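I have placed the structure first, in the form of structure tokens, so that the comments after it can refer back to it.
The values are calculated or read from the model by the stated rules, or taken from the named source; none is laboratory data. All values reported here derive from a predicted model rather than from experimental measurement. Cβ placement follows ideal geometry from the backbone for every residue including glycine, while neighbour counts extend to all protein chains displayed. All accessible areas refer to the heavy atoms of the entire protein, side chains included, with ligands and DNA or RNA removed. Shrake-Rupley method; radii C 1.70, N 1.55, O 1.52, S 1.80 Å.
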Amino acid sequence: MLDYNIAIKLDPENGELYYYRANAASGLGSYASAVTDYTRSLRYNPNRAEAYYYRGNAKSNLHDNLGAIQDYKKAIELNPNIAELYHYLGNARTNTADNQGAITDFDKAISLNGNNAELYMFRGIAKNNIKDTTGALADFDKAITLNPKYTEAYQNRAGLLIKAKNYDAAFADADTIIAFSPKSEVAYLIRGSAKYALKDSLGAITDYTKAIELNPNNDRSYIERGKMKEQQLDYNGAIEDYNKAIALKPQNTEGYSKRGNSRINIKDYNGAIQDYQRVLQMDPKNADAYAKLSAALTFSKNYPEALKLANAGLKLQPNNADLYVKRGILYDAMQNPREAMLDFNKAIVLDSASFDAYTYRGNTKIKLKDYNGAVDDLEKATSLRITEDNLLFLGDAKMAQKDYNGGIENYDKAVDQYPKTLRGLLARATAKSTIPDSSGAMQDFNKALEAQPHNENIFIKRGDAYLLLKDSINAIQDYNTAIEITPQSSDAYLARGIAKYKLKDVRGALIDYNMAIQLLPSNQKAYVKRGEAKALVKDYNGAIADYNAAINLAPRDKQTYFDRGMLKINNITDKNSGCLDLSKAGELGLKEAYDAIKKYCY
């Protein structure tokens, strides 16, 4: 470069010197300087095709694809027989999403040089971009035929094969890449994806780990491995991987979204809420993030905020059936079945194949005691796609119909098809305790504990089963264990409080209800139960305050209106207000409220 600088200083009107200095600058990666010198050289020789060609390359390296296209076109106009020009013009068009134009250019390049494997590979990429899968696959095949060691062609073909669900062939291509290039990070990522699709989650984790060893700075590898760890129910391990992905690429919303999902599974609802909020800060129109944030708020029992988010998501996408399903689930949790049903119905109108809409509408019908309608919806859901939820809900509906064999049969299916989550096993155990089949129930709980001995939810469920079997002492022991495992479990304290209350240990129950509310201030059921206990110890004002809090959290809870009304009438001589509460309970669908009105309000 120094020599060219001196030469140009001595002879500044020599166009050849600018041309050669541009070549040298380009070789050194100084593309902006190269563009400047090619431009100067063209002032002296405006018909030099190579100068336009090389300036186009420099512009392409500067991501000025439109400028590169203009230069390649000019070079072709001056010399239409240089195959590489059509090649690079095709690449530039692909980079500007003009895939059809790129295919035309690659066609011309191939007509001039039909044995160049790269041309077929890049044309295959352009065809894939316009969803011409068959044409793309044929081009990748041809590229590999011309160059059997062309790893990039194998990579692209493997990606296409995964999309086509031809996982075995994709696996084979990844193996071939690794044989030629043992340090190919991409090959391990591809093979990991194929193994995942072939239900080899542990094998997939091994491949993603190898990809990370080869390149620890690729956020994608951590995200993919995190997904596999979720499959293995290793949520903390998944969160560690998502943390790393976020550190590497903090502006990638996927890392936050995935971490939020894992946090939900370990009941870190506040952490999940923060993650989904972060997604929405970066992508305010992300309807999926609205739905997930709404779900996290629902899990944390913050129903008013969840509803705001669900409404915001629907404002962005008013024809999104999934968002109606999510809001319907929320309304159901808020004990507003009428609105829930309207949303599920709307979702089915928008998407008649929405298995989720049928699933959750069926679940709401169970709560409305429309068991036949529930079975119809849930059987429709399972015919569209079997999920753990619709199998479990169908089991619930059958049990409600007193079809115990049918109920157990559906729980059996859930156990067989989703053995890792244990939900089916726990549902079956609970069902057996209601029949009652205490021996079968305990066998199922023991199996669950063998699989996950530190899962507090199993102890809570077994405690609930002991209560059904009228064994409150063992129930309390299980709730104690749940609290030892997860001291922050509001549900465990609530359950233990209920057991103590059944044993007439009202003051002990009150201590547990206080703790449940302290841990989760939006735990509506804890306020209801504490209200009951306070009424029993004649703390009527405290009981009313708790019923008020419960109603604020669930404004359509008819039973709590009824209980508050009866308390006002019988214990604090507020007949008018109490009768209004009974009226509200009746309005919400509680038949015995009207019986009470006839007895106490006239």
Helical contribution to [θ] at 222 nm, DSSP H n ≥ 4, -39,500 (n - 2.57), averaged over the chain, rounded to 500: -25000 deg cm²/dmol
Please report, as a whole percent, how much of the solvent-accessible surface of the chain comes from carbon and sulfur atoms (probe radius 1.4 Å). 48
Centroid-to-centroid separation of the stretch 60-139 and the stretch 181-223 [C-alpha atoms, Å]: 31
For the Cα atoms of the chain, what angle does the longest principal axis make with the long axis of helix 506-519, in degrees from 0 to 90, nearest 10? 20
Size of the dipole of the chain about the Cα centre, Lys and Arg at +1 and Asp and Glu at -1 on the beta carbon, nothing else charged, in debye to 20? 1660
Probe 1.4 Å, accessible area per residue of the chain, Å²: 48
Sorting 404, 594, 358 on solvent-accessible surface, 1.4 Å probe, most exposed first, gives 594, 404, 358
For the chain, find the longest principal axis of its Cα atoms and tell me its angle to the long axis of helix 49-61, 0 to 90°, nearest 10. 20
Please report Rg (one decimal) and Dmax (integer) in Å for the Cα set of the stretch 36-160. 15.2, 49
Ignoring everything but the protein chains, give the 1.4 Å probe accessible area of residue 600 in square angstrom, nearest 10. 70
Could you sort the peptides 571-580, 393-402, 3-12 by per-residue average Cβ neighbour count (10 Å cutoff), highest mean leading? 393-402, 571-580, 3-12
When we measure straight from the Cα of residue 525, which aspartates and glutamates land under 14 angstrom away, once same-chain ones fewer than 8 places off are left out? 491, 512, 546, 557, 563
For the stretch 540-580, report the convex hull volume of the alpha-carbon atoms normalised per residue, in Å³, without decimals. 52
Using only the alpha carbon atoms of the chain, find the Kirkwood hydrodynamic radius as the inverse mean reciprocal pair distance, in angstroms to one decimal. 29.3
Applied in sequence order to the stretch 587-595, the curve 6.51 cos²θ - 1.76 cosθ + 1.60 (Karplus, θ = phi - 60°) yields integer Hz couplings, x standing for Gly and Pro, of 4, 7, x, 8, 4, 5, 5, 6, 5
Ordered by number, the GluC sites (Glu not before Pro) in the stretch 370-417 that occupy a DSSP loop and have at most 14 other Cβ atoms within 10 Å are none
Distance check, please: which entries in 285/346; 199/346; 244/267; 249/292 exceed 32 angstrom between their Cα atoms? 199/346
Cross-link reach from residue 326 to aspartates and glutamates, straight Cα distance under 16 Å and at least 8 residues apart if same chain, gives 288, 305, 339, 343, 351, 356, 389
Provide 132, 376, 595 ordered by accessible surface of protein heavy atoms (probe 1.4 Å), highest first. 376, 595, 132
So, taking all protein chains as they sit and a 1.4 Å probe, how much accessible area belongs to residue 1, in Å² rounded to tens? 90
